[in-house]
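Written out below as structure tokens is the structure these notes cover.
The values are calculated or read from the model by the stated rules, or taken from the named source; none is laboratory data. Predicted, not measured: the structure shown is a model, and the values here were computed from it. Please note: Cβ atoms are built from the backbone with ideal geometry, for glycine as well, and neighbour counts cover all protein chains shown. Keep in mind that these areas ignore ligands, DNA and RNA; they rest on the heavy atoms of the full protein, side chains included. Shrake-Rupley method; radii C 1.70, N 1.55, O 1.52, S 1.80 Å.
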Amino acid sequence: MTDTTGILPDAALARFHEDGAIRAQSALDSDQIQPASLDLRLGERAWRLRASFLPGSGRSVAERLDGAFTMHQIMLGEGSVLETGCVYLAELQESLSLPADIAAAMNPKSSTGRLDVFTRVIGDGAEAFDQLPTGYEGPLYVEICPRTFSVLARPGDRLVQARLRRGAHAGTRSVTLSVDLKPHNGGPIGYRAKRHSPLVDLKKVGGHAPAAFWEPIYAADGYIVLDPGEFYILASREAVEIPLHEAAEMAPIAPEIGEFRAHYAGFFDPGFGVERAGGKGSRAVLEVRGRDVPFILEHGQPVAKLVYEPMADTVNTPYGRSGSNYQAQGLKLSKHFSGWGA
């Protein structure tokens, strides 16, 4: 591996694990290392919090988990329900001992965002969410806040992922994404989450009937009205392709609009949408939440941008090469749901 700046690829992540820069309480799962990221697994313990917090410089997370910050401890064990509207903090099985030139950034996995489960990772001394500085050494924790569906979580479940970076974040280019509200073959243009739905078991891939959780939505006139506080799954009008020498992150197109948020899980691995990796025509799925007032969203309206960043080295296994849930996707719910009518 060279000392080139950029995001570390799968081979480098594997070497970091072998060398102890990435530590784990048990052997890594065979598919835990992604092309440019590492899935992080829930540990045994979680805490119901009064409110979200950051430990702050010079303070560990453990010392803040006292009576003033926590309501009670939860042992995930055989499975525990994390309820809608509550804030939890869970231990992660992985910890870091990073070299002096390597920093870490975290984000929700695609399936997490599509379930409307809000997550953020913190470590000891953290003054920001989802960011750990060069040379960080210590444990990792994930804040979990289910927004629409309560979830059944167990040790080993993977809600978030980490990517390691050498050098400062250096976006090389960006591409604007717009929303697709044009009907295709009479089908829906998106889905709106139902309130008071059944429990989502994170272990049951394809094990939930979507009609119990989602309402298909249509846009015969080329627009929809986003209701405040409601959660939607939509798709980009543009096909997305992430070359093998880059990764990308989704960012707001216009934060000043303020009437909706268009993404929760916004990291794209190298190879997403690439034809030779089986991804031709892949669209970006947009996790959209209406905010303070009803807002008219029209077909083709810009909603986000993809910011591309170089890889530090060559990826061994591009996204989709060894199978994936979202390669070549169009409008698609999380992997936890079966097909309509199944």
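Quick notes on this structure:
- Region 1-135, dipole about Cα centre (Lys/Arg Cβ +1, Asp/Glu Cβ -1), debye to the nearest 20: 420
- Accessible area per residue was computed with a 1.4 Å probe on protein heavy atoms; H245 scores about 120 Å².
- Inter-label distance, nm, simple model (7 Å from Cα along the C-beta direction), R15/S197: 4.3
- Per-residue SASA entry for F69, accessible area with 1.4 Å probe, Å² rounded to 10: 50
- Against the criterion of solvent-accessible heavy-atom surface with a 1.4 angstrom probe, E215, E246 sort, most first, into E215, E246.
- Average Cα contact separation per residue, the chain, under 8 Å, 6 or more apart, as relative contact order %: 21
- Placing R0 at 22 angstrom, the Cβ-Cβ distance between F129 and I253 gives a FRET efficiency of 0.55 after rounding to 0.05.
- Largest to smallest in accessible area, the residues S60, S334, S30 fall in the order S30, S60, S334 (1.4 Å probe, all protein chains included).
- Counting all C-alpha pairs of the chain, share separated by more than 27 Å (%): 45
- Take the Cα of E215, step 7 Å toward its Cβ, do the same at L54, and the gap between the two points is 3.8 nm.
- Per residue, the accessible area of the chain comes to 42 Å², computed with a 1.4 Å probe over protein heavy atoms only.
- Value of D in µm² per second that Stokes-Einstein yields for region 6-166, Kirkwood Rh from Cα pairs, at 37 °C (0.692 mPa s): 208
- Applying both filters, DSSP loop and at most 16 other Cβ atoms within 10 Å, to the GluC sites (Glu not before Pro) of region 120-175 gives E127.
- Accessible surface of V87, taken over heavy atoms with a 1.4 Å probe and every protein chain present, rounds to 30 Å².
- Restricting attention to the chain, lysine pairs at least eight places apart or on different chains and with alpha-carbon atoms under 26 angstrom apart total 25.
- Virtual spin-label span in nm between K204 and Q73, 7 Å along Cα→Cβ: 3.0
- Gain upon complete extension [Q301, R45; 0.36 nm per residue less C-alpha separation]: 87.9 nm
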